[in-house]
Amino acid sequence: MKAALKPDTQDIVVDEVLPHAPETIWKALTTGALVERWLMPLTGLEPVEGKRFTFQTKAGGAWDGVIHCQVLEVKPNERFAYAWKGGHESNVGYGAPLDTVVTWTLSRVADGTRVRLVHSGFVAPRNDSAFKIMSEGWKVVMRNLDAVVRAEKGESK
């Protein structure tokens, strides 16, 4: 019996060093009120494996804009991963079905923390639109994360 072929997938990777301690960045990644400041509105975030939460983004077509997430892995100050699912079967382009995983990895380095974001599982060609938009979006999000952490620490840029 032949194994089913896996669809071609693409991953978004953003890897930067931010001048903050891992503990400070962890707090910004796992505290709902802070996440809303650097990403988007959300409901129910708790850094506990198995917990479900949602993000709310712009609706499109038959999709209501809700991103359904479930926490997959929690290693405080090191790794935070969650499923990221949204879209609607009848949509093509923006709002097409998306079944992906977001993984944040934090590593202490001499001048702060290496923050590596991997958003994996974009199926080509169905998710090409989301991949393109979010590839640029996650770079902006990383800058926003840095700005929120700076503000929480009382720093200016």
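Working carefully through the options ALA28, ALA33, find the one that is in a helix (DSSP H, G or I), loosely packed, with under 14 Cβ neighbours inside 10 Å and either in contact with a Pro (Cβ under 6 Å, 6 or more places away or on another chain) or modelled with pLDDT of 95 or more (or both).
Unique residue meeting the criteria: ALA33.
Consider only pairs whose beta carbons are under 8 Å apart and that are at least six residues apart or on different chains; among these, list those whose first residue lies in the range 140-157 and is modelled with pLDDT of 95 or more and surrounded by 15 or more Cβ atoms within 10 Å (Cβ to Cβ) and whose second residue is of a type in the set (Ser, Thr, Tyr) and part of a helix (DSSP H, G or I).
Pairs found: VAL149/THR24.
Of all residues in the range 120-139 being small (Gly, Ala, Ser) and not in a helix (DSSP H, G or I), which is surrounded by the most Cβ atoms within 10 Å (Cβ to Cβ)?
Applying the filter and picking the extreme gives GLY121.
Need the failing condition index for LEU117 against (1) outside any helix (DSSP H, G or I); (2) touching a residue at least 60 places away in the same chain (Cβ under 8 Å); (3) more than 13 Å from the chain's Cα centre (by Cα); (4) surrounded by 18 or more Cβ atoms within 10 Å (Cβ to Cβ), just the number.
Just one mismatch for LEU117, condition (3).
Being more than 24 Å from LYS58 (Cβ to Cβ) and out of contact with any helix residue (DSSP H, G or I) (no Cβ under 7 Å at 6 or more places or on another chain) is true for just one of GLY154, GLY137. Which residue is that?
GLY154
Please determine whether any residue of the range 42-60 is within 25 Å of VAL149 (Cα to Cα), in a loop (DSSP other than H, G, I, E, B) and among the aliphatic types (A, V, I, L, M).
yes
Checking the conditions here, which among GLU49, GLU23, GLU78 is surrounded by fewer than 18 Cβ atoms within 10 Å (Cβ to Cβ), in contact with an Asp or Glu (Cβ under 7 Å, 6 or more places away or on another chain) and either at pLDDT below 95 or more than 21 Å from ILE133 (Cβ to Cβ) (or both)?
After applying the criteria, what remains is GLU49.
Within the range 27-45, is there a residue that is acidic (Asp, Glu) and touching a residue at least 12 places away in the same chain (Cβ under 8 Å)?
Taking every residue of the range 27-45 in turn, none turns out to be acidic (Asp, Glu) and touching a residue at least 12 places away in the same chain (Cβ under 8 Å).
The values are calculated or read from the model by the stated rules, or taken from the named source; none is laboratory data. Values in this document were obtained by computation on a predicted structure and should not be read as measured data. Because the Cβ atoms are built from the backbone with ideal geometry, glycine has one as well, and the counts that use them run over all protein chains shown.
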